[in-house]
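The values are calculated or read from the model by the stated rules, or taken from the named source; none is laboratory data. What you see is a predicted model; the values in this text were computed from it and never measured. Here the Cβ positions follow ideal geometry from the backbone for every residue, glycine too, while neighbour counts run over all protein chains shown.
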Amino acid sequence: MSEVFSKENLLIIGAGQYGQVASEIAESMNCFDKIGFLDDNNPKAVGKMADYEKFIMDYEYAIVAIGNSALRLEFTEKLRIAGYQIAKLISPMAYISPSSVIREGCIVEAMTVINTEAELDECCFISAGAVVNHNSVVKKGCHINCHATVSSNAVVEAGQKIDYNQLV
């Protein structure tokens, strides 16, 4: 008898701009049967953010797609405690070195480079066209914006936002 593999369901916390990006990346990964949102102000959402515990039977995976780093980290921990597996979303159009480390809760957009032995700690956003060069470390909750570059051997401290076209 052949083994049957089923896809999983993904719950995205936040249906704003980051949530829409996360949803499109998740769709492009082709590994989720259903993608839903929790958001307090968006009609696309299946519920409010505070209702996350009510959806544990419907969604095995969850990810927080909110720009505020502290809130993203805090909400990720709540999801973990509630029993969700924390997803990581990586665009198939990104270059990811096989020796790099990308932890859960990260969102890596198209056209990014995560180079040799680079490390992304949990809940980082790496926006389109950004480069995290070899042997660098991006700590928890950082956002490396479009076309920014993290130099080789650099360390980006937790919660930092590296803006468009910046070099660190």
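Within segment 50-66, is there a residue that is β-branched (Val, Ile, Thr), without any contact (Cβ under 8 Å) to a residue 24 or more places away in the chain and loosely packed, with under 15 Cβ neighbours inside 10 Å?
no
Can you pull out every residue in segment 108-141 that is basic (Lys, Arg) and surrounded by fewer than 18 Cβ atoms within 10 Å (Cβ to Cβ)?
At the first step, the residues of segment 108-141 found to be basic (Lys, Arg) are 139-140.
Of everything in segment 108-141, just one residue is basic (Lys, Arg) and surrounded by fewer than 18 Cβ atoms within 10 Å (Cβ to Cβ), namely Lys139.
Is there a residue in segment 26-46 that is under 12 Å from the mean Cα position of the chain (by Cα), at pLDDT 95 or above, outside the structural domain of Lys139 (by TED's automatic domain parsing) and outside any loop (DSSP other than H, G, I, E, B)?
Looking through segment 26-46, at least one residue is under 12 Å from the mean Cα position of the chain (by Cα), at pLDDT 95 or above, outside the structural domain of Lys139 (by TED's automatic domain parsing) and outside any loop (DSSP other than H, G, I, E, B).
Scan (1) touching a Lys or Arg at 6+ places or on another chain (Cβ under 8 Å); (2) not assigned by TED's automatic domain parsing to the domain that holds Asn135 for the single condition Gly105 breaks and write down its number.
All conditions pass for Gly105, except number (2).
Tally the residues that are out of contact with any helix residue (DSSP H, G or I) (no Cβ under 8 Å at 6 or more places or on another chain) and either in contact (Cβ under 8 Å) with a residue 60 or more places away in the chain or assigned to a strand (DSSP E or B) (or both), restricting the search to segment 111-136.
7
Within segment 137-161, how many residues turn out to be among the charged types (D, E, K, R) and in contact (Cβ under 8 Å) with a residue 40 or more places away in the chain?
Here is the first cut: in segment 137-161, the ones among the charged types (D, E, K, R) are 139-140, 157, 161.
Applying the additional criterion that residues be in contact (Cβ under 8 Å) with a residue 40 or more places away in the chain yields 140, 161.
Residues that pass the stated criteria total 2.
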